[in-house]
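The values are calculated or read from the model by the stated rules, or taken from the named source; none is laboratory data. Remember, predicted model here, so these are calculated numbers, not experimental data. Note: ideal-geometry Cβ built from the backbone for every residue, glycine included; neighbour counts use all protein chains shown. Ligands, DNA and RNA are excluded from the accessible area calculation, which covers all protein heavy atoms including side chains. Shrake-Rupley method; radii C 1.70, N 1.55, O 1.52, S 1.80 Å.
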Amino acid sequence: GGPDGAATDGGVTDGGAGDGGSEDGGAGDGGGGDGGATVHSPQRGVLIVIADDLGVEAAACYDEPVADRAPQPTIESLCARGVVFDQVWSNPICSPTRAAVQTGRYAFHHGVGEAVGNDSPGIPLDEWTIPMALDAQGDGWGHALFGKWHLSWEENGGADNPNLMGWSHFSGHLLGELDDYYDWPKTVDGVEERSTEYATTVNVDDAIEWIQAQDSPWVVWLAFNAPHTPMHLPPADLHSYTDLPDDPDAIAEDPLPYFQAMIEAMDSELGRLFTTLGDEQMAMVDVIYLGDNGSWEPVNQGVYPEGHGKPSLYQGGVHVPLVIAGPSVVDGGRRNGDLVDIVDVMPTVLELAGVDIAATQPADKPLDGMSLLHVLMDPDATHHREWSLSEIWGPRGRYDETGQAITDGSYKLIRFRDGSEEVYDLRTDPFETDDITVSGMDGEDRAAVARLGELLEDMPYHPVE
């Protein structure tokens, strides 16, 4: 990778593709406005930023052993003033994680256990989501979603699904993967058009335009497609990887530097968002940055054993970054090693927005998530999560990868769909090279693993015939 300064000067400060884009590309490309949205005074905000296929080994502020990381000065700035969570689990593939963030509920509750598409169903219309809870509270919080959705199919409203799930404005991509970051189908509140602008830039253009038009508090979900495949060369002013040929054969032969350039471009555009909104507005915004699952295996630099990246239940598939920064954080620049689950994001967002969860959450939609607000506000607080769960169901996943995984923070039990099990002690074996069901367990091991197995018995797995 190139020098950090190239990313900061070209992408974050000057904006490159962004300065003109927020006026011309954003609204004119279907950003939900007329190109001349009124800029209102700063408002209280919560911004959820989700990177697509970004494990901790590629993320800023984490210590997994890698040869090289993309420059990510914007994310590093969040870490410096926020809380970095070291032990966070997602699901091993996009749709289940996105449904979990929407609902605060596990796959066996909300029914999305696989990448949506073909015979794999989207999110049910009767689920309860972040924007629904905001509306039920009635405090006037606006809400909008920009970027990737991947929870709709023909039976839950199709192109209208993001709006049917409560979001007042959606501008982005409905499916799981863009065919081309420079030429892609963009849906704006149920209406599809074609965008020929770089997707990462368009997402930020649209978010800037909408946020600046708000005259009330807001929650925004900014869901980048990056750095999900297809690997490609981003616009030159957004990254510092100056010697890469823009050639499909070169990309196929060595995808890693393109993956890193995509990460840096995303970081640059996120920095442009922060810079454009300005210090006064950003001082009122809590930012939640996370990954939806681990990295695509060909670009994880061999950190994890073969077969242990996305979409597996191993750590390379489920261990993701989570950083929260903003006015709700007391004594920022710290780390938290408590067990955290991706379902914890939804109640955290709601508490940051002042929602009375007990009064608004439907009785038939019990939360699995636990708010992290107390950890943000008190450096001495503990997140009292006793276990985390990750699931992938099929049919789209390979048979031998589907199943459930559960951890208490020390031990990890993987129960595959065929009934086989593997157990790892993550304290001594974080890369899961020693299955202790094979190498041997003592009495303490057996008791801990038995407890995890009992927990799984109460969480029905949905096998697909």
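Using the structure shown, decide if W210 is surrounded by fewer than 24 Cβ atoms within 10 Å (Cβ to Cβ), farther than 15 Å from Q72 by Cα, aromatic (F, W, Y) and modelled with pLDDT of 95 or more. Lay out the reasoning, then the answer.
On the way: surrounded by fewer than 24 Cβ atoms within 10 Å (Cβ to Cβ): no; farther than 15 Å from Q72 by Cα: yes; aromatic (F, W, Y): yes; modelled with pLDDT of 95 or more: yes.
No, not satisfied.
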message = V318 - would you say it is crowded, with 19+ Cβ neighbours inside 10 Å and under 19 Å from I50 (Cβ atoms)?
response = yes
remark   = Within region 147-166, residues among the aliphatic types (A, V, I, L, M) and touching a strand residue (DSSP E or B) at 6+ places or on another chain (Cβ under 7 Å) come out as A159
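Based on what the data block shows, is W210 over 17 Å from L273 (Cα atoms), of a type outside the set (G, A, S) and touching a strand residue (DSSP E or B) at 6+ places or on another chain (Cβ under 6 Å)?
Numbers: over 17 Å from L273 (Cα atoms): no; of a type outside the set (G, A, S): yes; touching a strand residue (DSSP E or B) at 6+ places or on another chain (Cβ under 6 Å): yes.
No; evaluated as a whole, the condition is false for this residue.
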query = In region 183-202, is there at least one residue being within 21 Å of the chain's Cα centre (by Cα), of a type in the set (V, I, T) and within 21 Å of N293 (Cβ to Cβ)?
reply = yes
remark   = Subset of region 279-292, residues in a loop (DSSP other than H, G, I, E, B) and crowded, with 24+ Cβ neighbours inside 10 Å, comes to D292
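Okay, residues lined up against (1) over 19 Å from L290 (Cα atoms); (2) touching a helix residue (DSSP H, G or I) at 6+ places or on another chain (Cβ under 6 Å); (3) among the charged types (D, E, K, R); (4) surrounded by fewer than 24 Cβ atoms within 10 Å (Cβ to Cβ):
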{"residue": "D63", "(1), (2), (3), (4)": "no, no, yes, yes"}
{"residue": "A67", "(1), (2), (3), (4)": "yes, no, no, yes"}
{"residue": "P71", "(1), (2), (3), (4)": "no, yes, no, no"}
{"residue": "R81", "(1), (2), (3), (4)": "no, no, yes, yes"}
{"residue": "P96", "(1), (2), (3), (4)": "no, yes, no, no"}
{"residue": "A107", "(1), (2), (3), (4)": "no, yes, no, no"}
{"residue": "D119", "(1), (2), (3), (4)": "yes, no, yes, yes"}
{"residue": "D135", "(1), (2), (3), (4)": "yes, no, yes, yes"}
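Residues are listed down the side, and each one gets a yes or a no for (1) farther than 15 Å from Y461 by Cβ; (2) without any contact (Cβ under 8 Å) to a residue 40 or more places away in the chain; (3) among the polar types (S, T, N, Q):
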| position | (1), (2), (3) |
| --- | --- |
| T348 | yes, no, yes |
| A353 | yes, no, no |
| D356 | yes, no, no |
| Q361 | yes, no, yes |
| L373 | yes, no, no |
| D380 | yes, yes, no |
| S388 | yes, no, yes |
| G394 | no, no, no |
| I414 | no, no, no |
ask   = Which of (1) aromatic (F, W, Y); (2) more than 13 Å from L313 (Cβ to Cβ); (3) touching a Lys or Arg at 6+ places or on another chain (Cβ under 9 Å) does Y461 not meet, given it meets every other one?
value = (2)
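Kindly indicate whether any position in region 311-321 is closer than 23 Å to Q137 by Cα and touching a residue at least 40 places away in the same chain (Cβ under 8 Å).
Our first condition is that a residue be closer than 23 Å to Q137 by Cα; within region 311-321, this holds for none.
The answer is no; no qualifying residue exists.
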ask   = Within region 83-92, how many residues are crowded, with 24+ Cβ neighbours inside 10 Å and either on the phi > 0 side of the Ramachandran plot or out of contact with any helix residue (DSSP H, G or I) (no Cβ under 8 Å at 6 or more places or on another chain) (or both)?
value = 1
query = In region 293-339, which residues are in contact with a His (Cβ under 6 Å, 6 or more places away or on another chain) and not in a loop (DSSP other than H, G, I, E, B)?
reply = G316, D338
ask   = Among the helices (runs of 4 or more DSSP H) contained in region 45-123, which hold 2 or more residues that are over 24 Å from A265 (Cα atoms) and of a type outside the set (A, V, I, L, M, F, W, C)?
value = 94-103, 107-110
message = Please determine whether any residue of region 137-146 is surrounded by 24 or more Cβ atoms within 10 Å (Cβ to Cβ), closer than 23 Å to K310 by Cα and touching a Ser or Thr at 6+ places or on another chain (Cβ under 9 Å).
response = no
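So, in region 337-373, how many residues would count as being open to solvent by 60 Å² or more (accessible area, probe 1.4 Å) and within 29 Å of L426 (Cα to Cα)? Steps first, please.
The initial filter retains those residues of region 337-373 that are open to solvent by 60 Å² or more (accessible area, probe 1.4 Å), namely 351, 356, 358-359, 363-364, 366, 370.
Remaining after also requiring within 29 Å of L426 (Cα to Cα): 370.
Selection size over region 337-373: 1.
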task = Hey, could you check region 123-133 for residues that are touching a helix residue (DSSP H, G or I) at 6+ places or on another chain (Cβ under 7 Å) and hydrophobic (A, V, I, L, M, F, W, C) and say which is most open to solvent (accessible area, probe 1.4 Å)?
result = L125
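Each row is one residue, and each column tells you yes or no for (1) buried (at least 24 other Cβ atoms within 10 Å of the Cβ); (2) of a type in the set (A, V, I, L, M, F, W, C); (3) not in a helix (DSSP H, G or I).
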{"residue": "Y182", "(1), (2), (3)": "no, no, yes"}
{"residue": "K186", "(1), (2), (3)": "no, no, yes"}
{"residue": "V204", "(1), (2), (3)": "yes, yes, no"}
{"residue": "S216", "(1), (2), (3)": "no, no, yes"}
{"residue": "P230", "(1), (2), (3)": "no, no, yes"}
{"residue": "P234", "(1), (2), (3)": "yes, no, yes"}
{"residue": "D246", "(1), (2), (3)": "no, no, yes"}
{"residue": "A250", "(1), (2), (3)": "no, yes, no"}
{"residue": "P257", "(1), (2), (3)": "no, no, no"}
key: Tally, over region 147-158, of residues that are buried (at least 18 other Cβ atoms within 10 Å of the Cβ) and either free of Cβ contacts under 8 Å to residues at least 24 places away in the same chain or part of a strand (DSSP E or B) (or both)   = 2
